[in-house]
Amino acid sequence: MDKENVVVKMNKQSAEKRIGNFDEVALGYSEEQAIAEASRCLQCKKAFCVKGCPVEIDIPGFIKKIKEKDFSGAILKIKEKNSLPAICGRVCPQENQCEKECILEKKNKGINIGGLERFVADWEMKGKNKQSLKPNIKKVVPEEGVLSAVAVVGGGPAGLTCAADLVKLGYKVKIFEALHQAGGVLVYGIPEFRLPKAIVQTEVEYIQHLGVELENNQIIGKTYTLDDLFQQGYKAIFLGIGAGLPRFMNIPGENLNGVYSANEFLTRANLMKAYRFPEYATPIKRGKKVAVIGGGNVAMDSARVALRLGAENVYIVYRRSMDEMPARKEEIENAQEEGIEMKFLTVPVRILSKKEGWVSSMECLEVKLGEPDESGRRRPLPIENSEFELEVDEVIVAVGTKANPLFLSTVPDLKMNKWGYIVTDEKTGKTSKEKVWAGGDIVTGSATVIEAMGAGKQAAQSIDEYLKAGD
Ligand SMILES: Cc1cc2nc3c(=O)[nH]c(=O)nc-3n(C[C@H](O)[C@H](O)[C@H](O)COP(=O)(O)OP(=O)(O)OC[C@H]3O[C@@H](n4cnc5c(N)ncnc54)[C@H](O)[C@@H]3O)c2cc1C
């Protein structure tokens, strides 16, 4: 086989070892591995990979610098467009974006762009490069006063990116975050073994270092309304509040003890560090037989957390087949390697209790796939008399989330669609409310980190144009 076309695999913790800890599974590239992988890049003149990236990183440009061992140059090139590279290098679904467009992917030998991005971001975090931490920011508006101040509501990937881009353009920017820590899903949803919280913290600090002010524990809609923020002098507001309200299945037994929404389960484990009990006081049920309902990243994360909390059997119960699973392929493979059992073409009918209101089992039904539904995916059809009972003592519901009405109900003049997401102009992120932009999951529904970042970028550009043009 042509040696140059062999993808350099990233090392990872063995499945036996990693199920006993919360440490990162993928271990990253060594310098030699990164250079070898970068050397395979064809440096296409017409780089399709860049088109596949929602924030349009100069991918061949940064890969060339890795090949030349100029890691500092590589990270600077990435940071021209992306302020969160260590995060994106770990959790972006590159296989559906930049890597999918790589010419070598036609031979199944696409460049591991995410792995290379992660390598240079980690190289920088190890303190080997001070240069990119002190970027040359051009101040185009006065530092004093609030004339050009912009408020960003929500410190997830959309808000962080919008804030970083605006501050780089010279605006005075403040993020208001409801939780005690910024990062959004990156800190409360995605587990430590996929995305260490120290990495998120470092990238949030980088954005603060750029000049963005961050105030945690501020629930906009409660602490301040949008109108309060305008009265405080903010000239524009970006809403990046995510869509974290859990959906349930509305089946009997869903309110039994031992049933969690994935959102609550993961927040307890990640943000509240329940897995480090008693060092952290957060309680969490450590089920022995756990069913996780759903087939996305959230379901995979919940299942793998349950396993690490000591479960003996963890089942993913999913109503379609492996082919329709929305989770990242890599994470499905990791889950299977770790011993998570997939129950495809299965839907829960009710959750049962034999003892004091605690879950003891779940009744399920087998289904087959029919014609595609409005989502384009094949509709599951029940198979008669196929009911069976799955013995479980914990159920985690990971069937999606929706917009939280807590804030949105305080802004009646903000136009929303039938699913409760904010309606924006596709090209600018501008909402129906004067001087208010929005982006990320609160506009699209649950999507991806990089898409939320792309929306933050787009809004920052539009806010800049608006503020430069004057009211
Ligand atoms: C468990 C899990 C795993 C995932 N895995 C992946 C993955 O591997 N790859 C990937 O690309 N995507 C993944 N996603 C999806 C991805 O994380 C989201 O699409 C992305 O985080 C959306 O970014 P956002 O900024 O729009 O919202 P969020 O990340 O939800 O951030 C919104 C922020 O706004 C704050 N907020 C909300 N309301 C208010 C208010 N009223 N006032 C102030 N602040 C407020 C919230 O506290 C939060 O910090 C995953 C999601 C989950 C839940």
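The values are calculated or read from the model by the stated rules, or taken from the named source; none is laboratory data. Note that the structure is predicted; figures quoted are calculated from it, not measured. For accessibility, only protein heavy atoms count, side chains too; no ligands or nucleic acids. Shrake-Rupley method; radii C 1.70, N 1.55, O 1.52, S 1.80 Å.
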Portion, in percent, of the accessible area of the range 226-308 that falls on carbon or sulfur, probe 1.4 Å: 50 percent
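Would you mind getting the accessible area per residue of the chain, heavy atoms of the protein chains only, 1.4 Å probe, in Å²? Write out the running numbers ahead of the final one.
Working: 21730 Å² over 471 residues.
On a per-residue basis, 46 Å².
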Surface accessible to a 1.4 Å probe, F230 within the full protein complex, Å²: 50 Å²
Gain on full stretching of the segment that runs from K427 to K69 - 0.36 nm per residue minus C-alpha separation: 125.1 nm
Under-5 Å amide H pairs with E254, H placed in peptide plane, nonlocal only: I351
Accessible area of the range 315-439 belonging to carbon and sulfur atoms, whole % at 1.4 Å probe: 48 percent
For the chain, Kirkwood radius (reciprocal of mean inverse C-alpha pair distance, Å): 23.5 Å
Area accessible to solvent at W437, 1.4 Å probe radius, in Å²: 0 Å²
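What share of the DSSP beta bridges in the chain is antiparallel, in percent to the nearest 5?
Just about 40 percent of them are antiparallel.
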MRE, 222 nm, helices only [DSSP H, n ≥ 4, -39500 (n - 2.57), over the chain, to nearest 500]: -9000 deg cm²/dmol
Where the Cα pairs of the range 370-471 fall when distances are cut into 5 Å bins, in %: 2, 10, 14, 15, 15, 12, 9, 7, 6, 5, 2, 1, 1, 0
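Suppose accessible area is computed on protein heavy atoms with a 1.4 Å probe; arrange L256, L169 from highest to lowest.
On the way: L256 35, L169 60 Å².
Solvent-accessible surface, decreasing: L169, L256.
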R379 accessible area, assembled protein chains, probe 1.4 Å, Å²: 110 Å²
